[in-house]
Structure formats: C-alpha cells, structure tokens
Amino acid sequence: MTGSIRRRGVLSGASVAVAGMGAAGMGPARAQPIDPKRGGTLVMLGATTRHVNPAIQSGTPAGLPGTQIFASPLRFDDQWNPLPYLAETWVLAPDGLSLTLNLVKTAVFHDGAPVTSADVAFSIAVIQKNHPFKTMLEPVTGVDTPDPHTAIIRMARAHPAILLAMSPALCPILPKHVYGDGRDILTHPANTAPVGSGPYRLTEFKAGESIVLERFDRFFIPGRPYLDKIVMRIIADVPTALLAMERQEINYIPYVTTVRDAERLGKQAHIQVSEKGFEGIGALNWLAFNTAKKPLDDKRVRQGLAYLADRTRMLRVLQGGKVPVALTPIHPGSPLYTTDVNRYEYDLKKAEALLDEAGYRKGADGTRFKITIDTIPGAVETSTGVAEFLRGQFKRAGVELELRTAPDFPTWAQRVAGQEFDLATDAVFNWGDPVIGVHRTYLSRNIRKGVIWSNTQSYANAKVDALLDTAAAEPDPVKRRGEYAEFQKIVVDDVPILFLHPFPYTQAAHAGLKGLPTTIWGPMAPWDDLYWEAAARR
Amino acid sequence: MGRLVWLARRLVHGLGLMLAVLVLNFVLVRLAPGDPAVVIAGEMGGASAQVMEQIRAQYGLDRSMPEQLLRYLGHVLSGDLGYSFYFNRPVAGLVFERMGATALLVLAAIGSALVLGTWLGIVAAQRPRGVAAQMVAIVSVAGFAAPVFWTGMMLLLAFASYWPIFPVSGMEDVGQPRHGVGWLVDVAHHLVLPASTLAMIYMAQYSRQARAGMIAALGADYIRTARAKGLGEARVVYRHALANAMIPVITIAGLQFGQVLAGAVLVETVYSWPGLGRLAYESILRRDSPTLLGILLGSSVMVILANLATDAAYRLADPRMRGVL
C-alpha cells in the first residue's frame, strides 16, 4: 500500500509545474489539464440502499451516492446561501409565485445528451408525485420551458421553501429520455443504473455490498471533479468500520454517529474530524409523547415530565457534555431557530405541583402512574441510555417508567407508527426548510396511523396549524421568522415532544483528504472539490 | 437395497422436508413484528399513507397471509424465488451472487477445522494425560464456549489492529483487479481471520470427538493385533485406528453443515464478508421476507445435500452401514 502512495506522490509532484493552465472557459471535450488536485481513489464507508435515485426517496443512504450522480438546480454554502449549480442564475419573483432557472448551457448527462429545461420540468413533476416529502413542492402548478435553457417553476402561492427544495439531495435532475420511457419510476431499472449530470457516474452497484463511482469527464464545471474514483463499501458493523478507518482501509466516514466514536477517530494522527455539515439535514434526537393516551393527554403531565427530565445533566452523563440541548422543533443550526422558549430547567417542585394539579397524586406506594418508553435501536447514548436516565429522573416524582427496548427498527417503527406507545425516543430530520421536514410532525391533518414520521404524537393545536400554514406561504423573511418563532414557543409550551439535542453527527476523513463537504448539506452535496493532497494520494 | 432406490427415497424425503421448511419459515418470518412497508418508508425518510399502500400493493403485502403463502409456494415451485422487497431485485440472483463467498468461507473453515481438529484429537489420544492433551482440552473447550462474535472481535483486535498483519474487513482489496494470482492471494489473505474465527468452534468439537474415538480405538484388540504384527506406530494410528475413529467425526461434520449458516451470520457481519450470512442478517433487520426465505431455502437444500453426502460417506467408510441406511 505504502509503495503505491509514494509512487503516485512522485508523479503528481512532477506535474505541479504544468498545473493551473486550464483554469476556465474551455469546452467540455478538451484534453484534461494536469492539476495537482487531480487523481486518486477514495474508499469510504457507504450504506445499504435500495437504489440511488433521490427523486423518489429521501435519506442519506440514497442521498450520498445520489448527489454525486445527479446535479440539481442549486447548491448551498455553509451560511444557507444558494449558489449556482445547474442553474447559473435564478430569479424568485417578488410575489413569490414563480422561480425562473437559467440553466448552464454546457451541462450534459453521463450518456452525452444535453441537460435541458424539459429535463427540469420532468424531474420536478416526478419528485412532486413520488418523493415522500409531499409539502416540498406542494404549491407547484407546473414548469414552463420557453427555451431549452430556461425553466420557470409556477406556484399557486408564495412558497419560500422552493429555494431549499432545489438542493442536491432534494431535486436531482433526471434525464427525461431515460426515466420518462413510460416505465414505473419506483421500480425503474435506471434507479440502480442511473444516468445523471453530476460529477461522478455510477459504474458498479452491488446491493448491500458496494457502490463504485467514477469521475465524469464531461462534468459541466471545468476541471472538476478531482478524484478518479470513489468506492463506497458497506460495513454493517460499526466497530469493524472504525477499525477499517484506523487501518486506512477506508478513508472517509460521512456520518459518525456518536461522540465517543468521533473522539476515538479524532485521536488518530492521520484522521481529521469535522462537526460541520449537518445543519441542513437538521437531525434532532427527541422524546415523543403520545398525546392521545392518558395520562399524557394532559399538557400539565407532559410539562411536569419535562421539568423532571433535566436534559443538561442527561447530556453531561450520556454525551460527556459535548452536545448542546436542542430547545425547539427547529434544529439549532437553522437561521429560524429561537432560544426564546421555556427551557424546562430541572425543577422537582414545579414538576410535582403540575402532576398534582393534573390529578395524578402519589398513591400509597409513592407512585403516581406507570408509563412505558420505546427506544429506537441504535447507539446507547441516544436511545436506551436516554430511557434509563429518564427512568431515574421520573422516579423522583413517583412516575414509573418501564423500558420497552425494540430488538430492531421494524419493531420500534411498528409501535410508533401504529401510535401504540406512551413515550418514545426518536431521531427526526428537519431537511432544511421547516415546510419540508418540520410541519409533518405538528400539523393535525398529518395524524395518520401506520405512517412513520407523520404526526404520531396525535398533536392537535388549531393555532399551530394556522401558524404553519401562514409561515409556509410567507414571502417576507422577517415576518416568516417571527411566525416560526411563535410556533416554536407554542410547541415547546405544549410539549408534544421534549426536544433533547441535535443528533451528534461528525464526519471523519483521512487528513490528506482536502475540501471536505462542510456546507449546510455536508456529505449530501456534490464532492466535486474533494481531493487528495498529493503526498497522501492513493 | 439398491443404491438407486436408496437415493430416490432420500430425494423424496428431502423434497418433503423442503416444503415443510418453506411453509414453516414463511409463517415464522411473518410472525415477527414489523411491516416491510414501514421499513422501506423509514428508509425513505417517511412516506405518505398513499405511498405506503403503493408499496404494500407492489409486493402483494395487502393480501391475506394464506393467499401470500400460496402465491409464494406457487412461485417457488415454478422456480421463481420471488422479488426482494428491500433490494428491489429478484432474490435468486441476489442469493446466487452471495453464495460463492459463503461457500468459500464455510469450506475453508470446516476443512481446516476438520484437519486440525482431528490431528489435535489424535495427539491428545496418544497420551491422554500428557501436557499436550490438557492443552488441547483447554483450547477446545474455550473455542467452543466463546461466542463467535467475541472470538471475531478478539482476533480482529489482535491481528488487524495490534499486529496489523491481516485486513479488517471485506473479501478483497478494492483497488485490485479481480483476476490473476495476485487476486487469489489477496482473497486468501482476507479469508484467514473470518475462516479462523468460524473454524474455532468446529475445531473444538472435532478434536473432542477424534480424541474420544481414538482412545477407544487404540485400546481395541485389532490395534494390539496390528502392533503385534510389527506395524509401525504411524501406520497403526493413522490407518487402523483413525479409520474407525473417524465415523463420529463425519457425523458431526455432516450435522455442522446445518449450523454453519448460523455462525456465518455473525462472522460475516463482523468481518463484512459479502456472503449469505450477512445478507440474511440485513434481510431480517429489514423484514425482507422473500430474500430471507430464499436464503433459508438455499441453506435447507445445503443441509439436505450435506446429510445425503454424510450418509454416502458412511457407506463408503463402513460397509456394514449399507444395510441400515
């Protein structure tokens, strides 16, 4: 292994002198200039996925390869600002009723066909019809295509979320001539043999085993991407994956899921870790209350339990104090997050008073009532550890908490989706704009038994419904922020959910790997500027 | 009884057994809590009720269980193992793709365990109270008692982390071309740790069996006769005693083919070995019943064949068996 590194290193060192010649403005078919950033293979940790088409499926397993294979109209920086991608410029009409995308003229798909406005119109129709996030493109009435490089998205009402809906993971542009052949998109063979216009093309898809991507030489951004090849290896066992990372068998883990693992990897001299890049997905770990079941249907009971929870101490015990408390339904990394809400600092007296007031006094045995908690299988720190901590906390006020640990995800999901739970730990993503990933949990019209990550808490508050509907269509950003601030305040006061903390994601990579994806979408954005430092190249 | 009649009878038994296995597995898999549609929706990041219905309809999950079972049996009998809910492709191809890796792992494990275990048993039997025999007994019991995943982790820590002489995971180096001698060496290099982990459990049983068999055999009259004839010790031990002591070992080896998949699930998961065991594990986690049933069917065929082969081996090893089996 070392031999090959050295050999490659010498070669690319010699080529530095010629670098930087072909900076810009050359046609896609030109000979590749020699660039010090060019070359090398990245072997990394992948995840099992059914296919790699993010147009019909959300989530990181499809999104990681999907955002490399497919380009989207826009991408974002690390401050939530949209940047040009397939759209070189764009105009959101002042009334918010249309978004005009002016497409790059040099973009082609992996099969050589040009990317046109017809493909954009087709893709948006597919996503609107098939993507699980129904609210994302709900107001879209159609896409006009006055010429091959202009697409105008028409909306029935103002829809500020439309810009974030153009993100890489949410709006992959599919070639109409491939996916529009009349076959069912959900089972289309091109979902595992995709044709996109992104920086890498898929060359091998082994279900549950590996995904191989190779550099697309005619990518529309000149000179990019830098890597020749990306191999996503699926290693199901976390300790094995960590060991493989330490041994440099893999050199990138996009989502390290516990603080403990991140610290272990960060201690290695050859590994860099970053906590940036997870604001967009906005994953929150939380405690859900079934507000349809006694005694949790009483707001005072839920508030009482919130005062008992003592999240600060919980995080000190479980996460070594390295993870902050999340106070509201919106991820702390979002510009819409507010801290102006009730913080439920630990207060035993207040908790007991609230429980008494609700009519649940201590019985002769010192117990008020008994409830259960379902934990999502995963790391102890974010699931069973939380439940065990809470059991001790609740006991102080005479509330018995019984743990129902699920052996695997399907068992847990059945209980929660079926609304057969009292309390449950859960991790849910914001997905950028609240309209996309937040509303679903709180709108009373989204109480749907059997549907996971709907309003499984059976939370219903007419004021919240109205606020969310107003904010969804609010073109004025300042007013919108105010509306979401009020929404956060009400939800925190109602406690259908006790928010615990942002999910502690970290990305870990070999120190020689530069240009880590740390924008708001982090690893779920094109890695066209990711490269091996010459000395570390492999 | 003629050899052909014997074989035909065994095959008919085997088919009946397979049908029973199919029905039983189908029912067991469906009894586990959890809905594949919810899993798929979970991975999608949530789904509307309409999408869930669509998924259920697509895979026939909206029908009654007896109807699903009949449809499944019909498909299997016509040679169609069904369509994986999760991996979104025909099960037969998926199982076939993974079969090779598991076969390699299992044969390497059982083969090395058989050879090494038997040899250790012989060594232990020659001086039952010697130091070597005690060591063999300790190692055997420890190897048998330790959980597979623990052994796997310990070997990984020792030989992939502390003394990094073997790779951590996978079956091949991704950079390598998949042909030539270099590739074979690479695969063999990756095979050492997982095969050793799996071999540990089997080796214990073989060595115990071989030891007991050899002690009995070495005390028998015909061995005394052989020695009296003036045969060398090696010939006495390996030709005369071993032939008889091997019968229980063959029995165990045959039985173990049936348990091999259970061990392979853990070993393949720990070492990321791309075989059927890991596929089975992932299918269980995702309630992907067609894939799981396909794997179980495949392994039941394997067990039936292994039993057949064991019986055939008996008939070869001991002519007296021909009347019984």
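The values are calculated or read from the model by the stated rules, or taken from the named source; none is laboratory data. Worth saying up front: this structure is predicted, and the values here are computed from it rather than measured. Here the Cβ positions follow ideal geometry from the backbone for every residue, glycine too, while neighbour counts run over all protein chains shown.
Restricting attention to segment A:237-277, the residues being touching a Leu at 6+ places or on another chain (Cβ under 9 Å), assigned to a loop (DSSP other than H, G, I, E, B) and of a type in the set (A, V, I, L, M, F, W, C) number 1. The residues on offer are B:Glu67, B:Glu53, and the sole one that is surrounded by fewer than 19 Cβ atoms within 10 Å (Cβ to Cβ), within 11 Å of another protein chain (Cβ to nearest Cβ) and either of a type in the set (D, E, K, R) or in contact (Cβ under 8 Å) with a residue 60 or more places away in the chain (or both) is B:Glu53.
Of the residues in segment B:183-199, not one is modelled with pLDDT under 85 and hydrophobic (A, V, I, L, M, F, W, C). Every condition in (1) in contact with a Lys or Arg (Cβ under 9 Å, 6 or more places away or on another chain); (2) assigned to a helix (DSSP H, G or I) holds for B:Tyr86 except the one numbered (2). Is it the case that B:Glu43 is surrounded by 13 or more Cβ atoms within 10 Å (Cβ to Cβ) and touching a helix residue (DSSP H, G or I) at 6+ places or on another chain (Cβ under 7 Å)? Yes: the conditions hold for B:Glu43. Close Cβ contacts (under 7 Å, 6 or more residues apart or on different chains) running from residues in segment A:158-174 that are touching a residue at least 40 places away in the same chain (Cβ under 8 Å) to residues that are among the hydroxyl-bearing types (Ser, Thr, Tyr) and assigned to a loop (DSSP other than H, G, I, E, B) comprise A:Met166/A:Ser72; A:Ser167/A:Ser72; A:Pro168/A:Ser72; A:Cys171/A:Ser72; A:Pro172/A:Ser72; A:Ile173/A:Ser72; A:Ile173/A:Ser197.
Would you tally the residues in segment A:445-464 being part of a helix (DSSP H, G or I) and crowded, with 17+ Cβ neighbours inside 10 Å?
Summing the residues that are part of a helix (DSSP H, G or I) and crowded, with 17+ Cβ neighbours inside 10 Å in segment A:445-464 gives 2.
The residue pairs whose first member lies in segment B:17-41 and is free of Cβ contacts under 8 Å to residues at least 60 places away in the same chain and more than 14 Å from chain A (Cβ to nearest Cβ), whose second member is assigned to a helix (DSSP H, G or I) and surrounded by 15 or more Cβ atoms within 10 Å (Cβ to Cβ), and whose beta carbons are closer than 8 Å, counting only pairs six or more residues apart or on different chains, are B:Val23/B:Leu69; B:Val27/B:Leu69. What do you reckon, is A:Tyr360 of a type in the set (Ser, Thr, Tyr) and either at negative phi or assigned by TED's automatic domain parsing to the domain that holds A:Asn81 (or both)? Taking the combined requirement at face value, the residue satisfies it.
When B:Ser272 is tested against (1) within 14 Å of chain A (Cβ to nearest Cβ); (2) within 16 Å of the chain's Cα centre (by Cα), just one condition goes unmet, and that condition is (2). Within segment B:146-158, being within 11 Å of chain A (Cβ to nearest Cβ) and either touching a residue at least 12 places away in the same chain (Cβ under 8 Å) or closer than 21 Å to B:Ala204 by Cα (or both) holds for B:Phe149, B:Gly152, B:Met153, B:Leu156. Quick check on segment A:155-169. Is at least one of its residues of a type in the set (D, E, K, R), under 21 Å from the mean Cα position of the chain (by Cα) and either in a helix (DSSP H, G or I) or surrounded by fewer than 23 Cβ atoms within 10 Å (Cβ to Cβ) (or both)? Looking through segment A:155-169, none of the residues is of a type in the set (D, E, K, R), under 21 Å from the mean Cα position of the chain (by Cα) and either in a helix (DSSP H, G or I) or surrounded by fewer than 23 Cβ atoms within 10 Å (Cβ to Cβ) (or both). Of the residues making up segment A:34-64, those that are away from chain B (no Cβ under 14 Å) and in contact (Cβ under 8 Å) with a residue 60 or more places away in the chain number 4. For segment A:218-252, give me each residue that is within 8 Å of another protein chain (Cβ to nearest Cβ) and either β-branched (Val, Ile, Thr) or surrounded by fewer than 21 Cβ atoms within 10 Å (Cβ to Cβ) (or both). Matches in segment A:218-252: A:Val231, A:Ile234, A:Ile235, A:Ala236, A:Pro239, A:Thr240, A:Glu246, A:Arg247. In segment A:439-461, the residues that are more than 14 Å from chain B (Cβ to nearest Cβ) form Cβ pairs under 6 Å with partners that are of a type in the set (Ser, Thr, Tyr) and assigned to a helix (DSSP H, G or I), at six or more places apart or across chains, as follows: A:Tyr459/A:Tyr442; A:Ala460/A:Ser444. Evaluated against (1) within 14 Å of another protein chain (Cβ to nearest Cβ); (2) surrounded by fewer than 21 Cβ atoms within 10 Å (Cβ to Cβ); (3) in a helix (DSSP H, G or I), B:Trp183 falls short on exactly one condition, (1).
Note on segment A:192-217: among residues that are crowded, with 18+ Cβ neighbours inside 10 Å, more than 10 Å from chain B (Cβ to nearest Cβ) and β-branched (Val, Ile, Thr), the one that is farthest from the chain's Cα centre (by Cα) is A:Val195.
Would you call A:Lys349 surrounded by fewer than 20 Cβ atoms within 10 Å (Cβ to Cβ), of a type outside the set (Asp, Glu) and assigned to a helix (DSSP H, G or I)?
Yes: the conditions hold for A:Lys349.
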